[in-house]
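S.K.: If you scroll down you'll find the structure; I have some questions about it.
The values are calculated or read from the model by the stated rules, or taken from the named source; none is laboratory data. Remember, predicted model here, so these are calculated numbers, not experimental data. Quick reminder, even Gly has a Cβ in these numbers, built from the backbone with ideal geometry, and neighbours come from all protein chains shown. Please note that ligands, DNA and RNA were not included when accessible areas were found on the heavy atoms of the full protein model with its side chains. Shrake-Rupley method; radii C 1.70, N 1.55, O 1.52, S 1.80 Å.
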Amino acid sequence: MKFFFAIIFVLLFQFSYSQSKIKSISPSVNRKDSFNIQIIETLGKFLETQRSKFWLESDIKMFKFPYHELIGIESGKMGSNFCQPSLMEIISTGEEDKKIVKVAYIGYNEETESNLIKAIYNMIAVKIEGKIFFSKYINYVTKDWRIKKRII
C-alpha cells in the first residue's frame, strides 16, 4: 500500500512541475542538422517530463538533481506557466559530440504588451551512442580550470 501511494505521489509531483514542450525555436537554430534535430526532440521530452534519464549519470552523481533550477521556473508573479521555454541557440563547441544549448524562459505581458525574460538557461548536449544527454554548463566551462592551493 505504501508503494502505491509513493507512485501516486511521484506522478503528481511530475505532473504539477512538468513544463510544456518548447514554445518556440529561434530561426538561428539550424533545424536541418541531424544533431540539432535530436537535441530539439530530447529537449522537448525533458521539458515535458523533467526526468533525470535525460542527464548524464555523472551529473546526477555530482549534483543529485542537476536541473533543480528549472523546477517551477515557468511560474512567478504573473501566474503559473507564464514563462515558457524557447530554444534560443544551439552552438558548436568544436567537439563533434557536444553542443551548447540556450533555453530562455519568456512570458508575454498583455497589459504592457511586452515580453519578459525570466532566465536564460545554458546546458551542454552530449551525444553518447546515438542518444542525447544533457549536462550542466558549469562542467563544460570549468573543465580546463586548474586548482591552486595556497598555504597561508
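S.K.: Given the condition open to solvent by less than 30 Å² (accessible area, probe 1.4 Å), β-branched (V, I, T) and at pLDDT below 90, answer yes or no: does some residue in the stretch 67-77 qualify? Talk me through it step by step, then tell me what you get.
M.R.: So in the stretch 67-77, the residues open to solvent by less than 30 Å² (accessible area, probe 1.4 Å) come out as 67, 70, 72-74.
Add one more test, that the residue is β-branched (V, I, T), and what stays is 73.
Then keep just the ones that are at pLDDT below 90; that gives 73.
Within the stretch 67-77, one or more residues are open to solvent by less than 30 Å² (accessible area, probe 1.4 Å), β-branched (V, I, T) and at pLDDT below 90.
S.K.: Working only within the stretch 35-49, note down all residues that are open to solvent by 50 Å² or more (accessible area, probe 1.4 Å) and either modelled with pLDDT under 95 or under 23 Å from G72 (Cα atoms) (or both).
M.R.: Passing the criteria: E41, K45, E48.
S.K.: Return yes or no: is K118 touching a Gly at 6+ places or on another chain (Cβ under 7 Å) and open to solvent by 70 Å² or more (accessible area, probe 1.4 Å)? Steps first, answer last, please.
M.R.: Numbers: touching a Gly at 6+ places or on another chain (Cβ under 7 Å): yes; open to solvent by 70 Å² or more (accessible area, probe 1.4 Å): yes.
Yes, satisfied.
S.K.: For the stretch 116-152, how many residues are modelled with pLDDT under 90, closer than 26 Å to T42 by Cβ and either aromatic (F, W, Y) or over 19 Å from the mean Cα position of the chain (by Cα) (or both)?
M.R.: Within the stretch 116-152, residues that are modelled with pLDDT under 90, closer than 26 Å to T42 by Cβ and either aromatic (F, W, Y) or over 19 Å from the mean Cα position of the chain (by Cα) (or both) number 1.
S.K.: Show the residue pairs that are 6+ apart or on different chains and have beta-carbon atoms under 9 Å apart, the first residue being within the stretch 41-54 and over 13 Å from V103 (Cβ atoms) and among the small types (G, A, S), the second being open to solvent by 10 Å² or more (accessible area, probe 1.4 Å) and not in a helix (DSSP H, G or I).
M.R.: The qualifying pairs are S52/F65.
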